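The values are calculated or read from the model by the stated rules, or taken from the named source; none is laboratory data. This one's a predicted model, so the numbers in the text were calculated from it and none came from an experiment. Glycine gets a Cβ as well: all are built from the backbone with ideal geometry, and neighbour counts include every protein chain shown. Remember, those area values only see protein heavy atoms, side chains included, never the ligands or the DNA or RNA. Shrake-Rupley method; radii C 1.70, N 1.55, O 1.52, S 1.80 Å.
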There are 4 protein chains.
Amino acid sequence: MATATLLLSCPDQKGLVATMADWVYRHDGNIVHADQHTDASEAVFFQRIEFELEGFDLDRTEIVPALSPLLERFAMRCDVRFSDERPKVAVLVSKQAHCMYDLLARWRMGELEAEIPLVISNHPDHADVAAHFDVEFAHLPVTPESRIEQESAMLALLAEHDIDLVVLARYMQVLSAGFVAKYPNRIINIHHSFLPAFIGSKPYHRAAERGVKLIGATAHYATSDLDEGPIIEQDVIRTSHRDSAEDLVRRGRDMEKVCLARAVKWHVEDRILVYNNKTVVFD
Amino acid sequence: MATATLLLSCPDQKGLVATMADWVYRHDGNIVHADQHTDASEAVFFQRIEFELEGFDLDRTEIVPALSPLLERFAMRCDVRFSDERPKVAVLVSKQAHCMYDLLARWRMGELEAEIPLVISNHPDHADVAAHFDVEFAHLPVTPESRIEQESAMLALLAEHDIDLVVLARYMQVLSAGFVAKYPNRIINIHHSFLPAFIGSKPYHRAAERGVKLIGATAHYATSDLDEGPIIEQDVIRTSHRDSAEDLVRRGRDMEKVCLARAVKWHVEDRILVYNNKTVVFD
Amino acid sequence: MATATLLLSCPDQKGLVATMADWVYRHDGNIVHADQHTDASEAVFFQRIEFELEGFDLDRTEIVPALSPLLERFAMRCDVRFSDERPKVAVLVSKQAHCMYDLLARWRMGELEAEIPLVISNHPDHADVAAHFDVEFAHLPVTPESRIEQESAMLALLAEHDIDLVVLARYMQVLSAGFVAKYPNRIINIHHSFLPAFIGSKPYHRAAERGVKLIGATAHYATSDLDEGPIIEQDVIRTSHRDSAEDLVRRGRDMEKVCLARAVKWHVEDRILVYNNKTVVFD
Amino acid sequence: MATATLLLSCPDQKGLVATMADWVYRHDGNIVHADQHTDASEAVFFQRIEFELEGFDLDRTEIVPALSPLLERFAMRCDVRFSDERPKVAVLVSKQAHCMYDLLARWRMGELEAEIPLVISNHPDHADVAAHFDVEFAHLPVTPESRIEQESAMLALLAEHDIDLVVLARYMQVLSAGFVAKYPNRIINIHHSFLPAFIGSKPYHRAAERGVKLIGATAHYATSDLDEGPIIEQDVIRTSHRDSAEDLVRRGRDMEKVCLARAVKWHVEDRILVYNNKTVVFD
């Protein structure tokens, strides 16, 4: 059954929960999930309310107008989305295929409430994977000189497919600030360290060199500051002196794919709010 | 600042969140924590609301009478507790001291919102530990023949100290059904396996024999069915073929104490609701 | 570079490590990995020695004859395998594809030192997956009445492909004792609970019913006693009252595939010794 | 039964395992634990051999002289220690008592193969804790001006008690390079982050600010570069947007104490080798 989800944030004040719950109730909404959070130090209130559209006495297009007096009164920001309008996701990949395989297999098995119409790669290697999942594959090679044109071509493809979310599934190219600015909080990257440790390139090799006893992976929204965006999810596994840098690369893949998939799932289910370069995840 | 906490449960129905939030709001309550859960398969609603007493327009004694129309209307069960009326905890212990030390040290460091006036043991070994923490120590030895009298003596001590929660901190005696019935959902035990695996005695030895790759600990409310009560918290650590049963006993202690401490903390902060032999933990 | 691996076990006695290391050394072997374990309570010694074939002064066929005096002297059991003679693996699957996808994608990416020439399923659903990975797909439906013939057909296929290891990648049929006996310690199953908890069917549903706070997965060798075989690897994830049985099914998949993949990898790299229904894993 | 432990390291070369095992064997040693590791990229070999002293045909004082031809031949470094000559440990603490309590309670329960004759603190608060465990307590307050004298007083006390290992159990003062140099690889610190993330002060506050989803703790040997020493052990726990910096401080304690205790245990059991600012831990 289709649901509507409201993602709200505003300065904290008394009566917010009561008012919002009452608003849904008065319109005959049946709440299937509600969660809220107050950041006490910043005095900001966050809420996610998901209610069934069946029986609700407003049409989809009437919801925002009906809410607007409340939004003004509380200086509230509100996103409204509908579960049956599935976001469109593009997967960007380079040579390593594990995250791409994992996302596409989950999608095929019905785990992801999204559409994946497009895979873009700077290498031709995995065209057959996209074909197997019936997804369009675009091979857009890139050199330092051609980066601007390649990004333009990517942006055109993303626009053409009406993409809502870009997933960097071990896409090993740095995106320009201009590209990132086109999709604020709508590009998810997987970095292969527990950020803020080992920002930058070759984190597993640096982890091996430093002799850490844990390695990690971090799914985060891409921002113009590399590896500095809002963190959505992190995971770690234990290592020991027995693991070479190559072992870490191999063993880390399991974390990377699971961590990235969780972040993508939460995003497409509208469970994430971003503020102050941090995330509230209503999982 | 003192707070009031409502722990609510009732058959699920529309308008519950709105009504309860509105009730607190109309009485000028400032909600510092609110969480709710609906068990969809059982159609039961659970909620925990914690609000500041300062500024609330009802006295403590007026809260339940003021709530009663709502409780009746929704067939709602409600517990009301106040953060500055700290529950009294008795710790029962045998020869192994790690859980007792851990709880008492946390209490001394201000981690537990409770009083611990009493330690009871069937062995005399740890009287000095209780003394160090300024807690009364009662040595009540027990034999199969003397169990009834020993339990009577324990009950008398618990009553005398007005104990709200009994913590079995590796207390190696089985309590009678009669004893347990006196403190429903108010006796927390730590079992040294990930229940329902290895119910009964010597779980680490049986884990070693079975060759499992994980060992666990389970904090649960004691019921008359041994190791079958509502589970509050569980934890595991990895083991390997290198761990003998004795290694498991030693290594398991770290889980046991952390797992038990979490359960006790949640209980004394009124974060646990029990239904159908399961727990809802609003952590 | 190709290596030879010796997997040894024998009654514990002085001088074993010295003798075996000396034997490799005298034949100019360069040891790249050596690990040993003594089960003190059973007085059994286990060792894994992997050495480079280049420079070793014995041919492959000469190794066992050259070892035999030592094997006799120590009453030692010894398996010898060569890294460039990759074991052949068959994957058995039903409707759920996550473990199959995961294994095949790992294999394609070079993570598994094995060949996977064959997928068998009692359903036709995933023929295209096998095709994508260039693996033969055999659809062998089964009913209670046809089980014996279906198993015969499977055995014929396994023999035809010279299969060394059978992986039950969420294959939802019980195999007969006769079938299992054909592949002792060469059938790996993934069970979706932390055994010995929730032996049998629908473990996630029973986990939800019992209200556990962790769910698990267990990779084990199949024996004629269902879910009682030697455990190779286990993993768990946290759950809460918010997870329905269906949530557990979905969330558990990530554990299942990672846990199974680890077990398969260790097996094909000759890292597992079985004794007393337990495993020694030299990882 | 008393054992001898050899901790060896040398340039990698053929025949090391055979030679060392043979040496123990020829002297009638019964090996109870042997583990080795080769760092392939650095071509360094490490080994830990523990054998029973009973039946061994050399006296304790004869071991090093008897080994010296081998040590020369292989350019091998070797430490020899005896399990019944328990290292002496001093615990340094400030206001937070959880690590101190944990270590002292483990020691009382027989978990640590060490003596703890001395607690030093820059605050007087926990004198009674030391007294409870029958350990001498030295209160040595420190100001920026008095640091040199305070460190001199500490060094005198450590020398007087013949201390082998100094444990910084949340000791919140920076030690001078001169102090640290007196105890190379014999001072263990617990840092409350997963290093190299959040080097320096207030890591939990910075973790909350950065919005990480995991917090960690790192036990490491102290070097003159703050938080840059060889890492012995690390652990993490999950956090969420709901955890304030204060919550992280409280929740982190459980990791800190367990992580530090593991490192101390491995050190006093001679399981740690240091090279290239990294550790090999034969656990």
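The figures follow:
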quantity	calculated
Relative contact order (%) - region D:179-233, alpha-carbon pairs under 8 angstrom, separation at least six	42 percent
Solvent-free Debye scattering, log10 I(q)/I(0), computed from the Cα coordinates of the protein assembly as shown at q = 0.09 Å⁻¹	-1.27
Nearest beta-carbon to the D/B symmetry axis - residue in chain D, distance in Å	D:His132, 2
Per-copy distances of the A:Ala181 label point, shortest first, in nm (7 angstrom along Cα→Cβ)	5.3, 7.4, 7.5
Nearest-ten-degree value, helix A:245-268 long axis tilted from longest Cα axis of chain A	20 degrees
Length gained when the stretch C:Val174-C:Ser41 is fully extended (0.36 nm per residue, less Cα-Cα span)	44.4 nm
Whole-Hz ³J(HN,Hα) from phi, Karplus 6.51 cos²θ - 1.76 cosθ + 1.60, for region A:270-277, glycine and proline x	6, 9, 10, 10, 10, 7, 6, 6
Estimated buried accessible area (total), pair D and A, 1.4 Å, Å² to nearest 100	2700 Å²
Radius 13 Å from Cβ of D:Phe133, net charge of other residues (Lys, Arg +1; Asp, Glu -1)	-4
Helix axis angle, D:60-74 relative to chain D longest principal axis, alpha carbon, degrees	80 degrees
B:Arg147 - accessible surface, heavy atoms, 1.4 Å probe, Å² rounded to 10	90 Å²
Sites C:Arg73 and D:Ala181 - FRET efficiency at Förster radius 35 Å, r taken between beta-carbons, to 0.05	0.10
Neighbourhood charge, 10 Å Cβ-Cβ cut-off, centred on C:Thr38 and excluding it, Lys, Arg +1 and Asp, Glu -1	-2
Principal-axis tilt of helix A:98-108 within chain A, Cα atoms, nearest 10 degrees	40 degrees
Nearest-10 value in Å² for the accessible area of A:Lys182, using the 1.4 Å probe	120 Å²
Integer Hz, Karplus 6.51/-1.76/1.60 couplings in order for region B:20-33, x for Gly and Pro	5, 5, 5, 4, 5, 4, 5, 9, 6, x, 9, 6, 9, 7
Filter on C:Lys14/C:Lys265; B:Lys265/D:Lys88; A:Lys14/B:Lys14 - keep pairs with C-alpha separation over 27 Å	C:Lys14/C:Lys265; B:Lys265/D:Lys88
Sulfur and carbon atoms: percent of accessible area, region A:152-279 [1.4 Å]	50 percent
Karplus-derived HN-Hα couplings along region D:48-55 (A = 6.51, B = -1.76, C = 1.60, θ = phi - 60°), whole Hz, x at Gly and Pro	10, 10, 10, 9, 6, 7, 5, x
Potential extension, A:Met1-A:Asn277 segment - 0.36 nm per residue separation minus Cα distance	96.0 nm
Label distances, nm, C:Glu52 versus same residue in remaining copies, Cβ-directed 7 Å point	3.9, 6.9, 7.2
Members of D:Lys213/D:Lys278; A:Lys278/B:Lys278; A:Lys213/D:Lys182 lying beyond 28 Å, as alpha-carbon distances in this model show	A:Lys278/B:Lys278
Heavy-atom surface of the protein assembly as shown, accessible at 1.4 Å and reported per residue (Å²)	39 Å²
Quotient of Cα Rg and 2.2 N^0.38 Å for region B:3-82, N being how many residues it contains	1.04
Net charge of Cβ neighbours under 10 Å - reference D:Glu209; Lys, Arg +1; Asp, Glu -1	+4
Shape call, region B:96-137: gyration tensor on alpha carbons, a/c limit 1.5	prolate
Residues losing 30 Å² or more accessible surface upon assembly, region C:123-152, compared with the chain by itself, 1.4 Å	C:Asp128, C:His132
Quotient of C-alpha Rg and 2.2 N^0.38 Å, computed over chain C	1.09
FRET efficiency, D:Arg147 to D:Ile199 (Cβ-Cβ, R0 22 Å, nearest 0.05)	0.55
Label distances, nm, A:Asp84 versus same residue in remaining copies, Cβ-directed 7 Å point	5.4, 6.2, 8.1
Distant-in-sequence amide H partners of D:Asn30 (H built 1.01 Å from N, under 5 Å)	D:Glu52
